[in-house]
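The next block holds one structure in the form of structure tokens; read it before the comments.
The values are calculated or read from the model by the stated rules, or taken from the named source; none is laboratory data. Since this is a predicted model, take the numbers as computed values, not measurements. A quick note on method: Cβ atoms are made from the backbone with ideal geometry, for glycine too, and the neighbour counts reach across all protein chains shown. Heavy atoms of the whole protein, side chains included, go into the accessibility calculation; ligands, DNA and RNA do not. Shrake-Rupley method; radii C 1.70, N 1.55, O 1.52, S 1.80 Å.
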Amino acid sequence: MSAGAVFQEALRALRRYGLPEEAERDVLAAMEAGRPGPLALLYAAGAEVGLEREVLLRRAAGLFLCSCAANLADDLADGECTYLEEPLRVGPGVQFALQSMCFATLAGAGLPAPVLAEAAGDMVTAAGLQVLEVRTAAWTAPRFQQVAEGIAGQQWALYLRVLWEGTARAERAVVVGRSLGVAAHVAEDVRSGDARFHGMSEEDRSTVLAWAREAVDAVRHEGLACLDAVLHTVEPLLSL
């Protein structure tokens, strides 16, 4: 229910712009492709720290749009964008729209300009590391850690930094978010059999797993039920 409420808020944001039917359909397709993504966790992480519902929905919706833009960029890079016709021609415009909607939505969510600027900087870092990722042919532990921290870690750092602004948890957001993103990224690569992880030497895999387990400990130290629920699915994958 909470995830659905955030998606509906993002949908209202899309409908406000009165895009041509074809354009709205393509943006909506990218939003559907991004579900469920971070929807439920964004809502839970905002609710547990006491955000007022309207502010929570707007911030979570803006961050979901950012996630959809990143997801589309990744699918375009990997040749996996099956939800758009002519993805290489249509996809860049849809990504541009999603990223712009993200900032328009966040700007109306009670966030100070410095926080928005910080979030934009984090997005630049994550995008830059995605470029590095697609150019990497042979993975080592140092390169894996650089990319994982720059993409997944940086994304979740900015998500929680934006979401928790004005709450008692704001100062912890970057550390917790980065650790959460790193742990989830490694666990997903282990689960999916991704060559980024499984193509490394045994020594490098062990190094990365130990690093991810340290990230799990940092998240658990925060003592939030919504984050502990994520760890229940992540941690078993890191115990190879």
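Structure above, values below:
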item: Partnerless cysteines, meaning none of the other Cys C-beta atoms lie under 4.7 Å away, in the chain; result: CYS68, CYS81, CYS226
item: Rg/Rg_ref, the chain, where Rg_ref = 2.2 N^0.38 Å and atoms are Cα; result: 0.99
item: Gaussian network model of the chain, springs between alpha carbon atoms under 10 Å - residue of ALA104, ALA137, ALA212 with greatest fluctuation; result: ALA137
item: Under the Karplus curve 6.51 cos²θ - 1.76 cosθ + 1.60, θ = phi - 60°, whole-Hz ³J(HN,Hα) for segment 127-143, x wherever Gly or Pro sits; result: 5, x, 6, 5, 4, 5, 4, 5, 8, 8, 9, 10, 9, 10, 4, x, 5
item: Per-residue SASA entry for THR207, accessible area with 1.4 Å probe, Å² rounded to 10; result: 60 Å²
item: Residue-averaged [θ]222 nm for the chain, counting only DSSP H segments that reach four residues, each worth -39500 (n - 2.57); result: -24000 deg cm²/dmol
item: Förster radius 30 Å - calculated FRET efficiency between HIS198 and ALA120 (Cβ-Cβ, nearest 0.05); result: 0.30
item: Exposure ranking of ARG53, ARG169 by accessible area [1.4 Å probe, largest first]; result: ARG53, ARG169
item: Förster-model FRET efficiency, 41 Å R0, GLU48 and GLU80, C-beta, rounded to 0.05; result: 0.80
item: Rounded accessible area per residue of the chain, 1.4 Å, Å²; result: 47 Å²
item: Size of electric dipole in the chain: Cβ of Lys, Arg +1 and of Asp, Glu -1, about Cα centre, debye, nearest 20; result: 500 debye
item: Choice from THR167, THR140, THR105 showing the highest fluctuation, given a GNM over the chain with Cα pairs closer than 10 Å; result: THR167
item: Segment 1-103, Cα convex hull volume normalised per residue, Å³; result: 87 Å³
item: Loop-located GluC sites (Glu not before Pro) in segment 1-93, at most 15 other Cβ atoms within 10 Å (DSSP); result: GLU52, GLU80, GLU85
item: Of all accessible heavy-atom area on segment 43-182, the percent that carbon and sulfur account for (1.4 Å); result: 55 percent
item: Cα gyration tensor category, rounded, prolate or oblate, for segment 140-238 with a/c compared to 1.5; result: prolate
item: Choice from LEU106, LEU76, LEU65 showing the highest fluctuation, given a GNM over the chain with Cα pairs closer than 10 Å; result: LEU76
